[in-house]
Amino acid sequence: MGYGIAQKLIKEHLVTGSLEPGSEISIKVDQTLTQDATGTVAYLQFEAMGVDRRKTELSVAYIDHNTLQNGFENADDHRYIQSVCARYGLYFSRPGNGICHQVHLERFGKPGKTLLGSDSHTPTGGGIGMLAIGVGGLDVAVAMAGGAYYLTMPKIVRVNLTGKLPPMTAAKDVILKLLSIMSVKGGVGRIIEYAGPGVKTLSVPERATITNMGAELGATTSVFPADEITRSFLAAQGREQDFRELSADPDAEYDEQIDIDLSALEPLCACPHMPDNVKPVAELAGRKVDQVCIGSCTNSSYADLMKVAAILKGRTVHPDVSLSVAPGSKQVLDMLARNGALADIISAGARILECACGPCIGMGQSPNSKGVSLRTFNRNFEGRSGTADAEVYLCSPETAAVSALAGVFTDPRTVFPEGISVEMPEKFLVNDNMIIPPLADGSAVQVLRGPNIKPFPVNEPLGQTLDKKVLLKVGDNITTDHIMPAGAKILPYRSNIPYLAQFCFTRCDEQFPVRAQQWGGGIIVGGHNYGQGSSREHAALVPLYLGVKAVIAKSFARIHAANLINSGIIPFVFDNEADYDKIEQGDEIVIENLRGSILGSDPVVIATDRTKGVQIPLRAQFFDRQAEILAAGGMLNYTKNKTASE
Ligand code: MIC
Ligand code: SF4
């Protein structure tokens, strides 16, 4: 039997385990990336490991999320990360240089390498044939210290692309189509591998848009072949030597297959408040739009913004629409500035933002009350924009630009039936002067810690009995933005867990933080796909700080489940989903012989709901290593115990 690309990459990097889906494997990590919102905690954890220098081939720290310096906090954190890079041998991408995934694709990504990033959209690198996985900061820290990355061997889904995208239909529409087929939880436990004759019709930025938003499917990662198109992209970046061809064997076997005919697609839009709530733009046409935001790691490449410039050229943004454009990287902005496209965008009335995440993470540009915002981003979770009652729609740059001009949802095919063509440049403008390379020896460098950095919580070893109340019961698809909101007001405190605690779950229940403290911690009950979305381990660290001991849910999102385990919080799954209805907030839950059950071989643990007088079987199905991490009270204790016993 032959292998697909994902299997080949896993096989090449396999440290332990076999390619059997569902089994635990570990892989060698070649590259890591962090961004600043998850980076500070990741580096504090890395420092706690006592390693002298990073052990990966390449590690890069980007500053792209917390760039609004409304007080000393963010600037202090940037200086901390920069000093960590100098001390431990990492590249440092300065604020203003761009969004981590865009810059990594342009300047560092290499086909065939593994990349672990403390950001859920790390799979963007799959656009050039990397095995790029989003994880919590602690997993990145472990990888930088030379440890393997442990994961459940995913199933591989082959997405067979045929045909060619029609004019004004975009890569964004491909992934929105897939989201409408698979839903926001359809990718859990899966790698999405793109194949078929349609692949060669897609450029690298188009492929990267698709792999980027594979995160919204809940997939472990997504990957494209590395072919002549990849080679030309790398050559245009002056990096042809980094190219390596990657293709699936003709007899490769896959666990599942989905067919998408690119020629049959049309412009699509994800409607509030989930990326899988997809409708054709044509159905929404004519509805009023208040704001349009173009940018984010999904759609801010040179090619994307050249299309936007071509649409805006010589026209004016509708008087009732605020249009903002945030280029993905300094390279993109610099090129647009030199070739005149930036002038076309500015002349049309767009508000140019710095090369950063910006509005995507609620860092400015919050819409007006009940505002309708059309964005080229990847997430439209309720409240994420910073305006609780805003309605956020996700679409392609083409749809966004024509709608900004018209003031209403507009199908771009109706304005440009012939399409607009943008050539990929033969040479990108390469100027890495905002990337500080590692020092050959950083041992004398002093790490600079500002007053914003507070110690992060570390759990205790697991006790024998759990006897706690249900602090909160939530429904399906609870995102990490619900658990630990972001935005301009909160993000500067990512290094200050005690401060963040007052915002935990407040999008679901304002009283949660106070109740958690009054009740001395407790248990969370959730529905399906609990913890979807971001990789932020703050969604585990903050509950840990508030005394949360376990989460009982119908199912979990991959990264969040791993973050819970790393923090020593037990992610239990209902053995019988109907039991979800029996439990209510305030119920007292008791689990006897907790430690023994987690470490034992029986996958089912019996919880007693003392308030209701019922027994509730829970699945505690963990790999041995995960059970040991939980028993130790989290990854840091586990690692310390291991090092002490070696
Ligand atoms: C996001 O898009 O939600 C973020 C902000 O990039 C997160 C990381 C974070 O919370 O810092 C992600 O996607 O992992
Ligand atoms: Fe930044 Fe948004 Fe991409 Fe997250 S999804 S990395 S916030 S641009």
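Since every read-out is calculated from the coordinates, none of them should be taken as a lab result. Here the structure is a predicted model, which means the values were calculated and not measured.
Among the listed pairs 55/554; 177/554; 8/554; 468/582; 200/288, those whose Cα-Cα separation exceeds 28 Å are 55/554; 8/554; 200/288. Amide H contacts of residue 587: 470, each under 5 Å away and 5 or more positions distant or on a separate chain (H built 1.01 Å from N in the peptide plane; Pro and chain starts excluded). What separates the Cα centres of the stretch 121-185 and the stretch 296-322 is a distance of 26 Å. For the chain, the C-alpha radius of gyration divided by 2.2 N^0.38 Å, with N the number of residues, is 0.92. With a ≥ b ≥ c the root eigenvalues of the C-alpha gyration tensor of the stretch 98-201, is it rounded (a/c under 1.5), prolate (a/b larger than b/c) or oblate? Here the stretch 98-201 falls in the prolate category.
Sequence-ordered 3J(HN,Hα) estimates for the stretch 449-463 from the Karplus curve with 6.51, -1.76 and 1.60 and θ = phi - 60° stand at 10, x, x, 6, 8, 10, x, 9, x, 10, 6, 9, x, 5, x Hz, glycine and proline given as x. Using the Cα gyration tensor of the stretch 226-291, with a ≥ b ≥ c the square roots of its eigenvalues, what is the shape: rounded (a/c below 1.5), prolate (a/b larger than b/c) or oblate (neither)? Judged from the Cα gyration tensor, the stretch 226-291 comes out oblate (a/c at least 1.5, b/c at or above a/b). Rounded to the nearest 10 degrees, the angle from helix 72-88 to the longest Cα principal axis of the chain is 80 degrees.
Relative to the longest principal axis of the Cα atoms of the chain, the long axis of helix 397-406 lies at roughly 70 degrees. In order along the stretch 191-203, the phi-based Karplus estimate (6.51 cos²θ - 1.76 cosθ + 1.60, θ = phi - 60°) of 3J(HN,Hα) comes to 10, 9, 10, 8, 8, x, x, x, 4, 6, 8, 9, 6 Hz; Gly and Pro are listed as x. For residue 315, the amide hydrogen comes within under 5 Å of no other amide hydrogen, counting only partners 5 or more places away or on other chains and with H modelled in the peptide plane. Under the rule a/c < 1.5 gives rounded, and otherwise a/b versus b/c splits prolate from oblate, where does the stretch 345-477 land using the Cα gyration tensor? Here the stretch 345-477 falls in the oblate category. To the nearest ten degrees, helix 302-312 and the longest principal axis of the Cα atoms of the chain are 50 degrees apart.
Within the straight-line cut-off of under 23 Å between alpha carbons, the lysines reachable from residue 454 are 489, 549, 640, sequence neighbours fewer than 8 places apart in one chain being disregarded. Note on the chain: antiparallel DSSP beta bridges, both residues inside, total approximately 35 percent of the bridges counted.
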